[in-house]
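What follows is a set of notes on a single structure, which appears directly below.
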Amino acid sequence: MIEVKNPFIALKKAVTAEKTVEKRIIRHANEREIIEHCLNMLSLSDAGQELIDFAAENDIKYTVLRGRTARDYAPNSQNAYIVVPDSMPTDSADIVIHFTGALKEAIQEYEPDLRRIGVEKGEAVYAYKEAEKFEDKMLWQTIIVYELGKLANKSEFIDSFAAMGYYHLIEGYEKDLTGN
Amino acid sequence: MDWNRLDKTQSQAILEQVINAADPGLFSRNSSEASFKPLSFYQDFMVYRITNYATLPSFSLDFLSDGESFHLLDGSPQAFEIVNAKGSLYLNETNLIDYVEFYLANITADDGDIYMIRDVRSLPFIESLSFDQQADLQSKHAEPQTVLDEETGDFIALVDLFYDGTLLKSGIIVKSNGTIDIQPREMIMSSKSQFVGANA
């Protein structure tokens, strides 16, 4: 059943400052809790565990930033960032999916074919490389969402990935696995 | 108003402050730069954007800053509260709408962003409406307007808003300390199905 919200009430509540005061400038107040949740979830997936092990071996750090919209970000081989709005529940499947993306992007810096390049080699080469990197990241996110959603029975991961517009990737991956 | 790029020296100075305060790995010195926009309603503060262009999509954080203290615009009203408490806010009939627009553009409500509508033609979903609906919307839309509540001394911005799939006429009470209180007055259009994807 779809809940119909009263926009008049929602708007009045929208700008009240009821949130607790954040002491640090950029880091999320529940950073540790979010990272622990992400690592716990990834450990339920073989592919996720593989990423965690690689990160541990190579000292890749995780950071959770406060922000307006959830997204992943990996500026280099040592740091994987996710941005999480204060209003988002810390155990959200979305966060784990973004965490996976950031971690895989950091790990790409250890893979010669996927390491980030500058535009010195030309825009076409740069765009091609970025497309390859994106495809690789999406593949890992798909596998992990599939393993968590279908094998570990955490359907919220499938729902979140579908809401992001990627359900077809789960279908495609499942088809590849089963040969149907 | 467009973003103004800081020169390399100024950009590095701002970057150093943010990097030191936040996290050394967040922005690389070589591939990041800072830009700013002056704000007509703040005497000492401007909005700064720090962007790392090394990644796709590029990664940005926005701050209210006087060059010394930095307050992340993270979707909550917190940065505004801190800066406004410093006495930098200067509101008048000329800049009130700018303040309301900037405020709404930088906070996120539980059901998403709140758009203040200055020009109906610039609405992101306008193309998804039929010509009749567009004409209807255009006829009902009014330019943002500022009035002074003489009893309380508060300004009121009369604006059209788009929030959670609904177009509303609203009165936004802006107190002298910058806090805002949205009072929706009338629905302009309410069918969410007309605006599917408008928040995407």
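The values are calculated or read from the model by the stated rules, or taken from the named source; none is laboratory data. In this text the structure is predicted, and so the values were computed from the model without any measurement. Because the Cβ atoms are built from the backbone with ideal geometry, glycine has one as well, and the counts that use them run over all protein chains shown. Accessible surface areas use protein heavy atoms only, side chains included; no ligands, DNA or RNA. Shrake-Rupley method; radii C 1.70, N 1.55, O 1.52, S 1.80 Å.
Per-structure values
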{"quantity": "Space enclosed by the convex hull of the alpha-carbon atoms of the range A:37-168, per residue, Å³", "calculated": "112"}
{"quantity": "DSSP-assigned coil residues among chymotrypsin sites (Phe, Trp or Tyr not before Pro) in the range A:80-121, each with at most 14 further Cβ atoms within 10 Å", "calculated": "A:Tyr110"}
{"quantity": "FRET efficiency, 1/(1 + (r/R0)^6) with R0 22 Å, evaluated for A:Asp91 and A:Leu177 via beta carbons", "calculated": "0.20"}
{"quantity": "Packing-based order for B:139-145, B:51-57, using average beta carbon neighbours within 10 Å, highest first", "calculated": "B:51-57, B:139-145"}
{"quantity": "Members of the range B:134-176 that become less accessible by 40 Å² or more once partner protein chains are added (1.4 angstrom probe, chain alone as reference)", "calculated": "B:Tyr163"}
{"quantity": "Where only alpha carbons of the protein assembly as shown are counted, the Rg and the Dmax (Å)", "calculated": "22.7, 74"}
{"quantity": "For A:Asn79, residues with placed amide H under 5 Å, excluding near neighbours", "calculated": "A:Lys61"}
{"quantity": "Protein-only accessible surface order, largest first, of A:Arg68, B:Arg118, B:Arg5 at 1.4 Å", "calculated": "B:Arg5, B:Arg118, A:Arg68"}
{"quantity": "Average beta-carbon neighbours from other chains, 10 Å sphere, peptide B:73-81", "calculated": "6"}
{"quantity": "Aspartates and glutamates whose Cα lies under 14 Å from that of A:Lys129, excluding same-chain neighbours fewer than 8 positions away", "calculated": "A:Glu105, A:Glu109, A:Glu111, A:Asp113, A:Glu120"}
{"quantity": "Cut-off of 10 Å, at most 13 other beta carbons, DSSP loop: longest stretch of chain B lacking such GluC sites (Glu not before Pro)", "calculated": "B:1-67"}
{"quantity": "Three-way shape call for the range B:74-139 based on the alpha-carbon gyration tensor, with the a/c threshold at 1.5", "calculated": "oblate"}
{"quantity": "Fraction of antiparallel bridges per DSSP, the protein assembly as shown only, in percent to nearest 5", "calculated": "90"}
{"quantity": "Cα gyration tensor, chain B - rounded (a/c under 1.5), prolate or oblate", "calculated": "oblate"}
{"quantity": "Candidates B:Leu96, B:Leu129, B:Leu148, ranked by Gaussian network fluctuation over chain B, Cα under 10 Å, top entry", "calculated": "B:Leu129"}
{"quantity": "Shielding by partners - mean other protein chain Cβ count within 10 Å, residues of A:113-121", "calculated": "1"}
{"quantity": "Chains B and A together, accessible area buried on both sides, 1.4 angstrom probe, square angstrom", "calculated": "3400"}
{"quantity": "Reachable aspartates and glutamates from B:Lys8, criterion Cα separation under 20 angstrom, eight or more residues apart if same chain", "calculated": "B:Glu16, B:Glu33, B:Asp62, B:Asp66, B:Glu68"}
